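Read through the structure below, which is laid out as structure tokens, and then see the notes.
The values are calculated or read from the model by the stated rules, or taken from the named source; none is laboratory data. Note that the structure is a prediction, hence the values are computed from the model and not measured. Areas reflect the complete protein model, heavy atoms only, side chains present, ligands, DNA and RNA absent. Shrake-Rupley method; radii C 1.70, N 1.55, O 1.52, S 1.80 Å.
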Amino acid sequence: MTILDEDIDSVERERLGAWRIPFRRIGCEVGRSGMKDRDEVIPLLHTLRRRRPTLFTRDHGFYDPKLRHTGYCLVYLDVAFDEAACTIRRFLRHPAFRTQTQRMGKVVRVRHSGISYWQVDKESEHMVGW
């Protein structure tokens with residue numbers, strides 16, 4: 001299950017829909033409106049654990065190794081607002097993150113220069129290129 005934080009704008013959501021990338025939005029299909037901070041969103045992800053969600057957000061506070069959990073993936077999009085959809089699509093097609101299984105247990109930061117991530121049971125940050 002792909003979940004978009006409320007900070008991903010409607011134009012970018014429309015692009016994802018046009019590319020047939022299924023997603024749900026916090027505040028509409030999942031959770032309630034106004035859920036933005038870690039104190040509310042992380043417990044929500046724990047309730048969705050069986051669906052193995054991947055949350056995409058522009059909130060840098062989610063790129064924290066303390067938030068690693070085997071039941072979900074957090075992806076911080078460190079790109080411009082109008083690049084969110086392209087970056088999400090590119091990330092979901094990346095050989096290292098293509099499947100849910102590959103993504104679970106990771107806290108990820110996506111940039112133009114590459115992808116860095118923390119993984120459950122690993123003590124160091126990893127980096128991969130595009």
Note to self: Could you work out what % of the accessible surface of the chain is carbon and sulfur, using a 1.4 angstrom probe and leaving DNA, RNA and ligands out of the count?
What the structure shows: 47 percent
Notebook entry, point to check: Residue separation times 0.36 nm, minus the C-alpha to C-alpha distance between VAL79 and ILE21: what's the value?
Noted result: 19.0 nm
Next item on the list: Send over the per residue convex hull volume for the range 72-111, Cα only, as a whole number of Å³.
Entry: 60 Å³
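Take the Cα radius of gyration of the chain and divide it by 2.2 N^0.38 Å, with N its residue count; two decimals is plenty. Write out the running numbers ahead of the final one.
On the way: Rg = 13.4 Å, N = 130, 2.2 N^0.38 = 14.0 Å.
Compared with the compact-globule rule of thumb, the chain sits at 0.95.
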Check: Between the range 55-130 and the range 1-16, how many Å separate their Cα centres?
Finding: 16 Å
Note to self: Just to verify a number: what accessible area does VAL128 come out at with the full protein assembly present, 1.4 Å probe, Å² rounded to tens?
What the structure shows: 40 Å²
Next item on the list: Mind checking the per residue accessible area of the chain for me, 1.4 Å probe, whole number of Å²?
Entry: 54 Å²
Item checked: Built amide H within the under 5 Å cut-off of GLU6, gap 5+ -> ILE26
Checklist line | Beta bridges per DSSP with both ends in the range 33-130, % antiparallel, nearest 5 | finding: 55 percent
